[in-house]
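The structure appears right after this line, and notes come after that.
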Amino acid sequence: GDLGGGTGFASAWRHTLNGASGSGVRPEPRRDPLQCPGLLVSGGSCQVGASDAMQVSQRRIPDALSSTLTNGSVVYLSFLLRPEGTLNEGLLNGYFVAGLVGDRGDIFAGKPGGDRMDRYVVEQSGGGGQVASDVAPKIGETVLLVLKVEFREGPEKAMLFVNPKPGEPEPTTGVIKEDADLGNLKMVMLYSTGAHSVDEIRLGSSFAS
């Protein structure tokens, strides 16, 4: 696939195995995109199999964008996610999350490898400060996850929307997490050991974008 596809990033996607003691699997491009009613999709999608090594794919955002995210700024990360294979299969209970990484911390959303493995959650890497939604991951069922981060002095305010309706106003309620300090935002990261597909990864300054 085209690791440099898309626009607005400062680098192509880079895939590594994080602390791998076993063999990993590489992300595999698919010709068909994931689908979400009301959401414009294009191109293909990416599928990652269950693994006994931690899969990391990361892509840097421009310094010019990072420098604008001061106290009071808001950024949104949205993506489509679909569990594949067998739920909880893979190292550390087969998790798959996507999120934002800064020079002081990170915030991820997706299917976790501990605690509420029966729900989509927002958490830090390693499961820190996990807060669960009321939506359960189901094999073959695509969800739209939107992670909103409000930058503040100290810990940021993160809010996760699960399956908001594209084209409608931003939801007034969501899953809230307020104990992670990103610092200066550096990259978007996909982190997994469980089988899943991911698509339409977007970073913007508004819910509509």
Quiz item: Just checking, which of Glu156, Glu178, Glu170 is open to solvent by less than 10 Å² (accessible area, probe 1.4 Å) and either modelled with pLDDT of 95 or more or among the charged types (D, E, K, R) (or both)?
Solution: Glu156
Quiz item: Restricting to segment 181-209, what's the tally of residues that are part of a strand (DSSP E or B), in contact with an Asp or Glu (Cβ under 8 Å, 6 or more places away or on another chain) and either polar (S, T, N, Q) or open to solvent by less than 50 Å² (accessible area, probe 1.4 Å) (or both)?
Solution: 3
Quiz item: Just one of the numbered conditions (1) under 26 Å from Ser67 (Cβ atoms); (2) under 15 Å from the mean Cα position of the chain (by Cα) is not true of Pro112; which one?
Solution: (1)
Practice problem: Out of the residues in segment 115-152 that are open to solvent by less than 40 Å² (accessible area, probe 1.4 Å), of a type outside the set (Ser, Thr, Tyr) and part of a loop (DSSP other than H, G, I, E, B), state the one that is nearest to Ala50 (Cα to Cα). | Solution: Pro137
Quiz prompt | Count of residues meeting criterion [touching a residue at least 24 places away in the same chain (Cβ under 8 Å), surrounded by 24 or more Cβ atoms within 10 Å (Cβ to Cβ) and within 16 Å of Val175 (Cβ to Cβ)] in segment 89-114 | solution = 8
Self-check item: All positions within segment 105-138 that are in contact with a helix residue (DSSP H, G or I) (Cβ under 9 Å, 6 or more places away or on another chain) and of a type in the set (Phe, Trp, Tyr)
Solution: Phe108
Quiz item: Only one residue in Thr68, Thr86, Thr7 is open to solvent by 50 Å² or more (accessible area, probe 1.4 Å) and modelled with pLDDT under 85. Which one?
Solution: Thr68
Practice problem: Starting from segment 181-209, keep only residues that are within 18 Å of Gly72 (Cα to Cα) and without any contact (Cβ under 8 Å) to a residue 60 or more places away in the chain, then list their pairs with residues that are of a type outside the set (Asp, Glu) and open to solvent by 40 Å² or more (accessible area, probe 1.4 Å) whose Cβ atoms are within a distance under 8 Å, requiring at least 6 positions of separation or different chains. | Solution: none
Quiz item: Restricting attention to segment 63-97, and to residues there that are aromatic (Phe, Trp, Tyr) and outside any loop (DSSP other than H, G, I, E, B), which single residue is farthest from the chain's Cα centre (by Cα)?
Solution: Tyr76
Quiz item: Do we find a residue being within 25 Å of Thr16 (Cβ to Cβ) and outside any strand (DSSP E or B) anywhere in segment 52-60?
Solution: yes
Self-check item: Which listed residue, of Gln35, Gln55, is in contact (Cβ under 8 Å) with a residue 24 or more places away in the chain and surrounded by fewer than 18 Cβ atoms within 10 Å (Cβ to Cβ)
Solution: Gln35
Practice problem: Mind telling me which of the residues Val162, Val149 ends up being of a type in the set (A, V, I, L, M) and over 18 Å from Arg119 (Cβ atoms)? | Solution: Val149
Practice problem: Take segment 153-180 and flag every residue that is small (Gly, Ala, Ser) and either assigned to a loop (DSSP other than H, G, I, E, B) or closer than 21 Å to Ser45 by Cβ (or both). | Solution: Gly154, Gly167, Gly174
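The values are calculated or read from the model by the stated rules, or taken from the named source; none is laboratory data. In this text, all values refer to a predicted model and were calculated from it rather than measured experimentally. Cβ: placed from backbone, ideal geometry, glycine included. Neighbour counts: every protein chain shown. Side chains are part of the model used for accessible areas, which takes the heavy atoms of the whole protein and leaves out ligands, DNA and RNA. Shrake-Rupley method; radii C 1.70, N 1.55, O 1.52, S 1.80 Å.
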